[in-house]
Amino acid sequence: VQLQASGGGLVQPGGSLRLSCASSGSIFSGNKMGWYRLAPGNQRELVATITTDGITNYQDSVKGRFTISRADAKNTVYLQMNSLKPEDTAVYYCNYLSYRTGINYWGKGTQVTVSS
């Protein structure tokens, strides 16, 4: 499974960005896709995940601001980020977990910088 993330960039506080992650390769039904982030000096943390059944999970700090969705016809997951804060600054990584194999796949990160 290959993951290609896009959509990062520089935005002012209060602004919005939309991240996309397209998956290709051996894609099977029964999986969970999501986003994690890594900020300098911090450990990698979960941002949001979504299963093939549409069950979502969010980190508390992004609830109400971020929305994760997926388009299975395109094997793509999205992260709409609104009301961005400087503390959201990080490298964001797309993740794909196959329920069939138990293998986690990671995409290359995309930088999100929130600064005035």
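Structural remarks
- Hypothetical label at residue 82: residues of the stretch 1-22 whose amide nitrogen lies under 12 Å (7 Å Cα-Cβ projection): 15-17
- Accessible surface area normalised per residue over the chain is 53 Å², counting heavy atoms of protein chains with a 1.4 Å rolling probe.
- Set of the stretch 15-46 residues, backbone N closer than 18 Å to the point 7 Å along the Cα-Cβ line of residue 61: 15-17, 35-46
- Taking the average, over residues, of other Cβ atoms within 10 Å as the packing measure, peptides 70-80, 102-112 rank 70-80, 102-112 from highest down.
- Ordering 6-18, 83-95 by mean Cβ neighbour count within 10 Å, with the highest value first, yields 83-95, 6-18.
- Note on residue 63: lysines with a C-alpha under 24 Å away, same-chain residues under 8 apart excluded, are 32, 85.
- Convex hull of the stretch 1-84 built on C-alpha atoms - directionally averaged projected area, nm²: 5.9 nm²
- Neighbourhood charge, 15 Å Cβ-Cβ cut-off, centred on residue 83 and excluding it, Lys, Arg +1 and Asp, Glu -1: +1
- Spin-label model, residue 45 to residue 10: label points 7 Å out along the Cα-to-beta-carbon direction sit 2.5 nm apart.
- On the chain, 47 percent of the accessible area sits on carbon and sulfur atoms, based on a 1.4 Å probe.
- Across the stretch 39-116, the mean sequence separation of Cα contacts (distance under 8 Å, 6 or more residues apart), normalised by length, yields a relative contact order of 21 percent.
The values are calculated or read from the model by the stated rules, or taken from the named source; none is laboratory data. Only a predicted model underlies this, so the values are computations on that prediction, with no experimental measurement involved. Cβ atoms come from the backbone with ideal geometry, glycine included; neighbour counts cover every protein chain shown. For the accessible areas, the whole protein counts, side chains as well, though only heavy atoms, and no ligand, DNA or RNA atoms are used. Shrake-Rupley method; radii C 1.70, N 1.55, O 1.52, S 1.80 Å.
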